[in-house]
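Okay, structure first, notes after.
Nothing in this text is a laboratory measurement; each read-out follows from the coordinates by a stated rule. Because the structure is predicted, anything quoted here is derived from the model rather than measured. So basically every Cβ, Gly included, is an ideal-geometry build from the backbone, and we count neighbours across all protein chains shown.
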Amino acid sequence: MLSPSKSQSGFSMIELMITIALLAILLSLAQPSFESLLNGNRLTSISNELLATMQTARMESFRRGRQAVVCKSLNADTAAPTCSAAAGNWTGWIAFVDDGGATPANATNGTFNAGETLLRVGTVSGTVVITPSLAISGVQRVTFRSDGMSYTTPTGNVLLAGTLATCMPTSNPAQNQRRLSIVSGSRMSISRNTSANCTAPPNP
């Protein structure tokens, strides 16, 4: 004798289509917020790394009694990175102790020479740009003397007031720029700002 058939339950095709449509709507609503979170985290991470580089260079200049430099680099991710004074945005940077290394005659020349101590290296990619303010763009570097202070010129006595802005040309997040400001030659801070076209920031 055959057993009576059992009723089967499950989703109908219409119910599945409605569920998928609702999930698609929810994902489309969440996507801008998720993108904003990712971009914001990336901006913060890069600006914090740049700040850590500046702080390391300042600390080492004072500790060693030697000049330390953070400069723009177009080849920071190579085995032999160099500084660049070319105009425009930073795609990378290096920090080093500017003591001449193996050639004392090269001491405090603002160039990374053989034998000098490389402190930190950083790069950016994609749509992220690092733009210097006028006080930094002329030389494309920040130099800390042996007293741990940075000045506007290598031999002058005017303390540096400059900014490096990490930016992405996007509206997600609305505050798409992080400004690393250096004032009084040594005080550093990061602030959030909006710059739709990632223009150069003002001096602090």
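Summed over qualifying helices (DSSP H, 4 residues or more, each -39500 (n - 2.57)) and divided by its residue number, the chain shows a 222 nm mean residue ellipticity of -10000 deg cm²/dmol.
Counting pairs of alpha carbon atoms under 8 Å apart in space and at least six apart in sequence, what relative contact order in percent does the chain give?
Rounded, it is 19 percent for the chain.
Between the helical axis of 13-64 and the longest alpha-carbon principal axis of the chain there is an angle of about 10 degrees.
Of 144, 62, 112, the residue with the greatest mean-square motion in the GNM of the chain, using alpha carbon springs below 10 Å, is 62.
Counting Lys and Arg as +1 and Asp and Glu as -1 over every other residue whose Cβ lies under 14 Å from the Cβ of residue 105, the net charge comes to -3.
Here region 35-85 is treated with +1 on each Lys and Arg Cβ and -1 on each Asp and Glu Cβ, and its dipole about the Cα centre works out to around 340 debye.
If you run the Gaussian network model on the chain, springs between alpha carbon atoms under 10 Å, then out of 129, 97, 158 the most flexible one is 158. Taking 175, 67, 140 as the candidate residues, the one with maximal mean-square fluctuation in a Gaussian network model of the chain, Cα springs under 10 Å, is 175. Start at zero, step by 10 Å, and the Cα-Cα distances of region 35-193 spread as 12, 42, 34, 11, 2, 0 percent across the bins.
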